Amino acid sequence: MRIAHLIMAHKGPEQIVRLVTSMAHEGADFYIHLDAKADRREFEFLETLPGVRLTTTRMYVRWASYRFTKAILECTREILATGIDYDFVNLMSAQDYPIKPAEAIHDFFARNIGRSFLSFESNEEDSAWWAHAMSRVELYHSTYFKFKGQYVLQAIINRVLPKRKFPLPYTLYGGMDGSWWTISRTCAQYLIDFVDSNPTLERFSMFTWGSDEFLISTILMNSPYRSTIVNDNYRYIDWSQGGANPKVLTADDFESLRDSHKLFARKFDTEVDTTVLDLVDEYLLAAPLQPVS
């Protein structure tokens, strides 16, 4: 069983070293997408680590824009093109960290080959998330672009034009934890082939907001592989502080991390707190192997 870990990064090369080292395994490779705004020279040394490579794909990512989703898709394409027989593509940020030992993570996925793990809600259900997130789909958003006066223009366009509709007759799936997932190779290939076959989808998505939280899950949950998808991305993420970003975890959160059934957690920042990662290393990653259900 082999996993391709796709890590989306824009800063913190030393924190990435710690992440990769904590997840090192003979069945793991690491593909790091480095935001085009970052200086590649500061990250090149990462390729000296076993199984680590920087992707040739580099996109200038703007927060909440389709550029981020596009980078994920193109990096997934790059992983599939290696010809390496991966069982899973595991999407992470450079501020994620495992909270289970690498061996336990691989044991879990080895017992679940053929399944995919995402977190989502349906827009056809009583979803608090979709109650506010439908505006991401129905309104025009200019976050993909950067030009003077863009948000004034955006407001005018949304006043005079009718609401937008998703270009396919699909139920929509997404959620606040929807950006991060682990999908089977079969789903990864379907995802890339589907996007290639539906160019109108990309044109539509360029004018959405936060498409990373709903586009990929929408495609896969309307696919023939729906029955293989588990509605749990196995990430511990704390949204208790409100706002558009999750809480930066500290040593105060260690007990919650220890009690969680999740495999990974986010987000961490070594410039804010390194003690929490020290505790995870000592008490969680060095713990005896226990199967994760």
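The figures follow:
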item	result
Residue among SER256, SER22, SER119 with the largest mean-square fluctuation in a Gaussian network model of the chain, springs linking Cα atoms under 10 Å	SER256
Length-normalised contact order for the stretch 1-43 - Cα pairs under 8 Å, 6+ apart - percent	57 percent
Net charge of Cβ neighbours under 11 Å - reference LYS146; Lys, Arg +1; Asp, Glu -1	+3
Count, lysine Cα pairs under 17 Å in the chain, 8 or more residues apart or across chains	9
J(HN,Hα) series, the stretch 133-138, from Karplus relation 6.51 cos²θ - 1.76 cosθ + 1.60, nearest Hz, glycine and proline x	7, 4, 5, 5, 8, 7
Inter-label distance, nm, simple model (7 Å from Cα along the C-beta direction), ARG226/HIS261	2.4 nm
Positive-pole candidate from ILE7, VAL61, LEU34, dipole of the stretch 1-97, charges at beta carbon	VAL61
Stokes-Einstein D for the stretch 169-268, Kirkwood Rh over Cα pairs, 20 °C, 1.002 mPa s (µm²/s)	140 µm²/s
Relative frequency of Cα-Cα separations exceeding 12 Å in the stretch 184-234, percent	68 percent
Normalised contact order of the stretch 41-117, rounded percent, pairs of Cα under 8 Å and 6 or more residues apart	17 percent
Charge-dipole axis of the stretch 109-237 as Lys and Arg at +1 and Asp and Glu at -1 on Cβ define it, positive-most pick from TRP181, LEU153, VAL195	LEU153
Relative intensity, log₁₀ I(q)/I(0), of the chain from a Debye sum that treats every alpha carbon as a point, q = 0.09, 0.11, 0.14, 0.16 Å⁻¹	-0.43, -0.66, -1.09, -1.42
TYR170 paired with THR56, simple spin-label distance in nm, labels 7 Å along Cα-to-beta-carbon	2.8 nm
Other-chain or far-sequence residues with amide H under 5 Å of SER119's (modelled H)	ASN233
Per residue Cα convex hull volume in Å³ - calculated over the stretch 1-108	97 Å³
Radius 11 Å from Cβ of SER256, net charge of other residues (Lys, Arg +1; Asp, Glu -1)	-2
Dimensions (Å) - the stretch 207-247, Cα atoms, principal axes, largest first	37, 30, 9
Mean separation of Cα contacts under 8 Å (6+ apart) over length of the chain, as relative contact order %	23 percent
Loop GluC sites (Glu not before Pro), the stretch 1-109 (other Cβ atoms within 10 Å of the site Cβ: 13 or fewer; DSSP)	GLU26
Alpha-carbon radius of gyration plus Dmax, which is the widest Cα pair, for the stretch 89-167 in Å	19.7, 56
Between the stretch 43-96 and the stretch 240-283, the Cα center-to-center distance that results, in Å	23 Å
Beta bridge orientation in the chain: antiparallel %, DSSP, nearest 5	30 percent
Counting all C-alpha pairs of the stretch 101-235, share separated by more than 25 Å (%)	33 percent
Amide H contacts of THR274 (H built 1.01 Å from N, under 5 Å, at least 5 apart or other chain)	none
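Bear in mind that the values in this text are calculations on the coordinates, not laboratory data. Given the structure is predicted, the values throughout are model-derived calculations rather than measurements. Positions of Cβ are backbone-derived with ideal geometry, glycine not excepted, and every protein chain shown enters the neighbour counts.
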